[in-house]
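> Below you'll find the structure I mean.
None of the figures in this text is laboratory data; all of them are computed from the coordinates on show. Quick caveat, the model's predicted, so the values are computed rather than measured. Positions of Cβ are backbone-derived with ideal geometry, glycine not excepted, and every protein chain shown enters the neighbour counts.
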Amino acid sequence: MNKSRISPQKIILIFTGLLFGFFLLLPMVTILCKSFYKDGNATLEFYGNLFSNRSIFKAFGNSVLVSAASGIITTVLAFIPAYAVNFTNINKKLKKVISTLVILPMLLPTITYGFAIIYSFGKQGLITKLLDTQIVDIYGIAGLIIGYVIYTLPISFMLINNTMGYIDKKFTIVSRMMGDSKLKSFFATVITPLISTLAVSFIQSFTLSFTDYGIPAALAGNVDLLATRLYNEMLGSLPDFNTGSAVSIIMLLPSVASIILISVLNKYNIRYNKISVIELTKNRVRDIAFGMLSAVIILCVLSVFAVIFLVPFVEQWPYRMNFSIEHITDIFSDSSLISVYKNSLLVALATAGLGTLIVYGTALVSARRGEHRHYGKLPDTASLITNTIPGMVLGVAYLLSFKGTFLHNTFAILVICNIVHYFSSPYLMMKSSLEKLNASWETTARLMGDSWIKTVVRIITPNAVSTLLEVFSYFFVNAMVTVSAVIFLASTKTMIITAKIKELQHFANFNEIFVLSILILITNLAVKGLVRLFAAIRNRKGKKV
C-alpha cells in the first residue's frame, strides 16, 4: 500500500515542473510565436520591418557599446575594494565597512539611480553646485555609463571578492622568495587565478546593463537603446505586441551568449586542494593606496545618492533651500502613496516567503536526491533558463500570455514573476549549502524509521537556517527594487513603488520619487538587519549547545 503512494520528493518535482512549465516555458513560447505569427500564419514580417529600419541596428550598437564600456570600468573598479579586503593588512573593521558600503546601492531600484544622477550632475545638481561646474553631460552615453557602473559594481565586487577569498596567498610569498618582481608576482599569483572570474564579472555587468530599463528611463536622452525600444513598442502611444516580441527575442541573444561563455569559463577556474592560512607581508604603501582608492570609489558612488536625502527636505530645490518637512508630511498624508508602499511590502513578503519555500524544496530534491537522482536535473535546467532571460523579456512574455486571464492585474502574477525571475541565484546558493551537509543523514533517519519529511524538518532544516535566511533576504530585496519585469504587469490596483516611481517621472514629482526611494532603502536595511540579528541569535544558541 505504501509503495503506491507518491513520495514527497516526486510531489516537489511535479510541482516544480508545472510551475516552470506554466510560468516560464509557456510565456517564452508565446512571445516566440507572437514574433513569428500574424493572423494565424507564420511570417518574418516583424523581423523584416525591424531589420529594414537601420534604427534597430543603431539601438543594438548603442546598447552593446554602453554595456561593454560599463562592464570594463565596473570590473576594474570592483577589483580595487576586493583586493583591499583580501590582500591588504588594513583594519578588519574597515574591511567590513568597505564590503558593506560597496553593495549598498543594491538596496535601491535602478530607476532611482537615474534621477539621483540628474540631481547630482545636472546643471542645477548638488555636485555641479559644489564644484561650480558641470563636469559631465548626464543625458546620453556618459550618464548611462555612470548609472550602469553604479548598478553593476556591487554584483561585480561580490563575484571578485568571493573568488579572492579562495586564492591561496601562500603562492604570493613563494613568488617573491623566488625573486619575482612585485608586478610579475601580482600577475602570476592574483590576476591569473582571477582571469575567469574577471571575465565573468565583465559578462555579468554587460548583460545586466544591456537588459536594464530603469537607468535608460531617466538618462537615455536621445540615445536609442534596445531596452527603451522594447518599452515603447509594448507600452508606447501605439503598442505593437508583435514587433515588441521580435525586439524581446533580439534582447535574448546577448543573455544566451553570456550563459554559454560563463559555462565555458567556469572550466578554467583554478582550484586549490587546500587554502593556506598565512599572514600577509607588511606593506604600508599597498595598504594605504588600496584603502584610500576603495574609500574614493565608495565616496564617489554614495555621493551620487546624497541628493535623495537632501531634496525632499528643502522648500524647492535648488531655488529655495530652506529646511522643510512639508514634502515629507504631504507624502505620508497621501493615502495613494501609502497604499503603493503597502502593496510593495505585500509583494516582497509573499515573494520572499513562497520563493524561499520553492527554492528549498527544489534544492532538497536536487542536492539530496537519493533514489530520485535522475530527476534532479529539472531544477538545474530551470535555474539555467531563468538566469538567461532578462526581466523585461519575462515581463513582456507574462503580459502577452496572461492578459485577459484570472491572473491579469493581480498581485499573484507579480509574485510569480519575481520568483521565476530571481530563482537562479537563491537556488544555487541553497543547493550549494545543502550539498555540504552530511550526506548520510537521510539514510540513518530512514533506518531509524523516520520519514523523509521528518528528517527534513528535524535535521536538515535546523542546519540550513542561515542559508534560508539569506535566500529570504535575497528575494525580499529584489522584489522591492525590481522594475524591468513588473513595469509591464502592475496596474492601478496592484501598483508597487518602482512602477509608481516610473509614473511620477512623467509629472516630474521628484520629491515623491526620492521619499519612496528612501522608504525602499530603509525597508531593505531593516529586513537585512533583522535577518542578520536572527542568524546571530541562532549561532549563539548553537554554540551554547
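> If every alpha-carbon in the stretch 109-172 counts as one equal scatterer, what log10 I(q)/I(0) does Debye give at q = 0.17, 0.21, 0.30 1/Å?
So the normalised log intensities are -0.65, -0.81, -1.18.
> Let me ask something else. For the stretch 60-75, list residues with backbone N below 15 Å from a point placed 7 Å from the Cα of Leu183 toward its Cβ?
Once the point is set 7 Å along Cα→Cβ of Leu183, nothing inside the stretch 60-75 turns out to lie under 15 Å by backbone N.
> Can you tell me the length gained on complete extension of the stretch Asn283 to Lys493, counting 0.36 nm per residue apart and subtracting the Cα distance?
That works out to 69.7 nm of additional length.
> Along the Cα→Cβ direction, 7 angstrom out, place labels at Glu503 and Lys403. What is the inter-label distance in nm?
1.9
> Here's another thing I want to ask about it. Project the alpha carbons of the stretch 332-545 onto their principal axes and report the range along each, largest first, in whole Å.
66, 43, 26
> Still on this model: Taking the convex hull of the alpha carbon atoms in the chain, what volume per residue do you get, in Å³?
Convex hull volume per residue, Cα atoms: 195 Å³.
> Distance between Cα centroids, the stretch 190-215 to the stretch 245-266: provide it in whole Å.
A separation of 13 Å, based on Cα centres.
> So, one more: Report the charge-dipole magnitude of the chain in Debye, nearest 20, computed about the Cα centre from +1 at each Lys and Arg Cβ and -1 at each Asp and Glu Cβ.
Dipole of the chain, to the nearest 20 debye: 2500 debye.
> Write down the Kirkwood hydrodynamic radius of the stretch 446-545, to one decimal in angstroms, obtained as one divided by the mean of 1/r over all alpha carbon pairs.
Across the stretch 446-545, the inverse of the average 1/r is 16.7 Å.
> Tell me, how many Å apart are the Cα centres for the stretch 392-431 and for the stretch 74-146?
Answer, in whole Å: 30.
> Rounded to whole Å and sorted largest first, list the principal axis extents of the Cα atoms in the stretch 457-503.
Here the Cα extents, ordered largest to smallest, are 48, 16, 13 Å.
> Under a point spin-label approximation (7 Å from Cα along Cα-to-Cβ), what is the Ser55-Val465 distance to one decimal in nm?
Each label point is offset 7 Å from its Cα along the Cβ direction, giving 5.8 nm.
> Return the ratio Rg/(2.2 N^0.38 Å) for the stretch 198-269, where Rg is computed over Cα atoms only.
Computed over Cα atoms of the stretch 198-269, the ratio equals 1.31.
> For the stretch 50-323, what class follows from the C-alpha gyration tensor (a ≥ b ≥ c being the square roots of its eigenvalues): rounded when a/c is under 1.5, otherwise prolate if a/b is larger than b/c, else oblate?
Oblate, because a/c is 1.5 or more while a/b does not exceed b/c.
> Test of understanding: ordering Ser336, Ser433 by Cβ neighbours within 10 Å, fewest first, what list do you get?
Taking fewest neighbouring Cβ atoms as first place, the list is Ser336, Ser433.
> Give me Leu253, Leu302, Leu364 ranked fewest to most by other Cβ atoms within 10 Å of their Cβ, as a rough exposure proxy.
So the residues, fewest neighbours to most, are Leu253, Leu302, Leu364.
> For the pairs Lys58/Lys342; Lys92/Lys182; Lys123/Lys500, note any where the Cα-Cα span goes beyond 29 Å.
Long pairs (Cα-Cα over 29 Å): Lys58/Lys342.
> Can you sort Met178, Met392 so the residue with the fewest Cβ neighbours within 10 Å comes first?
Arranged by neighbour count, lowest to highest, Met178, Met392 become Met178, Met392.
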